[in-house]
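The values are calculated or read from the model by the stated rules, or taken from the named source; none is laboratory data. Small disclaimer: the values here were computed from a predicted structure and weren't measured. When we count neighbours, we look across all protein chains shown, and the Cβ atoms used for this are built from the backbone with ideal geometry, even at glycine. Ligands, DNA and RNA are stripped out before the accessible areas are found, and what is left, the full protein with its side chains, is counted by its heavy atoms. Shrake-Rupley method; radii C 1.70, N 1.55, O 1.52, S 1.80 Å.
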Amino acid sequence: MTRTTGDSAAVQTLRWKDGRLEMIDQRVLPERFEYRPYRNAVEVADGIRSMVVRGAPAIGCAAAYGVALEARARQGESPDAFFVALDRGFAALAASRPTAVNLFWALARMRAVCDARRAQVPASIADALLQEAHEISAEDVRINRAMGAHGAALLADGARVLTHCNAGALATAGHGTALGVIRSACEAGKRISVVADETRPFLQGARLTAWEMVQEQIPVTLITDNMAGHLMSRGEIDAVVVGTDRVAANGDVANKIGTYMVAVLAQRHGIPFYVACPLSTIDRELADGTAIPIEERAADEVTGFRECLWAAKGVMVRNPAFDVTPAELVTALITEKGVVMKPGREAIARLFGA
Ligand code: MRU
């Protein structure tokens, strides 16, 4: 019998070891499973930009550790030099990737710790920053488990769940958001099977989601992105669950490029479209999704993969890494505070007690 434990504990996307940060290099999965070490903010910013670590919550956790590392590396310097270095670290991290708001949310938390202790010696500020980075990571796992428990109730026993990109343990400090919902449903004894979109061009679905599910023996079927509509039209998908990088105040959802297409198809076929969304991913300062900054990545992600080039040289390329799904296509947001059906401006404000 297939064992579906939903146990992602083996996947420690980020870990603190011997006074430095180590992150799984997600660029080389699934061929190789290896950690890379990080010693300061600029190195972590580079790890985020180059996709060693990716996924909105994981980027936030990495950025928090980036600040803590910079503080520890500079704690022997004068207060003036320490704060100048720290500000440069914050700026490098903030410039690493634009779309996932968790990055800026985590940096704001680190900035608040720093500001509250400005009169203290650098070494004690550095200690407090490291504690805050640990807390952001630990909190992320707790939040994902809470979302998982709320979201699992939405999935029927036997559900075939389509997901896009990777919103799993690898995209977070553990358990995952969209895959966390699936894991929690499996832990609750439901027989869930996953259909993973390969997620062109960076292949997070084929390389990362498929790998995570195979590790845990949760049944997973890989499809190319253009097969989703066909499977839906044949009645082979019961629900869609995805993660998100930023949700605007009106409920519009930015997520990996191709998510919008899946949401339109889901509505056409009467399939619920769920978004697993920690509150740290909601940007209440943006009125709607048109204001969400969409990262454009390098052309070579579209023209080939690693050493293999498949497009004609000289062709023009677009590579927006995210798209925006209008709130009207979202059946529900799954948050750590509960499930928000038909999310809109008022329902989102209520989540924050407004
Ligand atoms: O470009 P990526 O791999 O960072 O994009 C990741 C996604 O779009 C995820 O779906 C999103 O960050 C949610 S992760 C819990």
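Brief remarks on what is shown
- Residue satisfying all of: in the range 282-308; in contact with a strand residue (DSSP E or B) (Cβ under 6 Å, 6 or more places away or on another chain), within 16 Å of the ligand (Cβ to nearest atom) and open to solvent by less than 40 Å² (accessible area, probe 1.4 Å); nearest to Ala228 (Cα to Cα) among these: Gly289
- Test: residue in the range 115-136 that is in contact with a helix residue (DSSP H, G or I) (Cβ under 8 Å, 6 or more places away or on another chain), of a type in the set (Val, Ile, Thr) and open to solvent by 20 Å² or more (accessible area, probe 1.4 Å): yes
- Of residues in the range 309-328 being outside any loop (DSSP other than H, G, I, E, B) and more than 16 Å from the ligand (Cβ to nearest atom), the one surrounded by the fewest Cβ atoms within 10 Å (Cβ to Cβ): Leu309
- Qualifying residue in the range 240-259 (condition: more than 23 Å from Gly338 (Cα to Cα), within 13 Å of the ligand (Cβ to nearest atom) and open to solvent by 20 Å² or more (accessible area, probe 1.4 Å)): yes
- One residue stands out among those in the range 153-173 that are more than 11 Å from the ligand (Cβ to nearest atom) and open to solvent by less than 10 Å² (accessible area, probe 1.4 Å): the one that is nearest to the chain's Cα centre (by Cα), which is Leu162.
- Gly235 more than 15 Å from the ligand (Cβ to nearest atom) and open to solvent by less than 10 Å² (accessible area, probe 1.4 Å): no
- Within the range 1-115, strands (runs of 3 or more DSSP E) holding 3 or more residues that are under 27 Å from Arg297 (Cα atoms): 20-24, 35-38
- Test: residue in the range 12-19 that is touching a strand residue (DSSP E or B) at 6+ places or on another chain (Cβ under 6 Å) and polar (S, T, N, Q): yes
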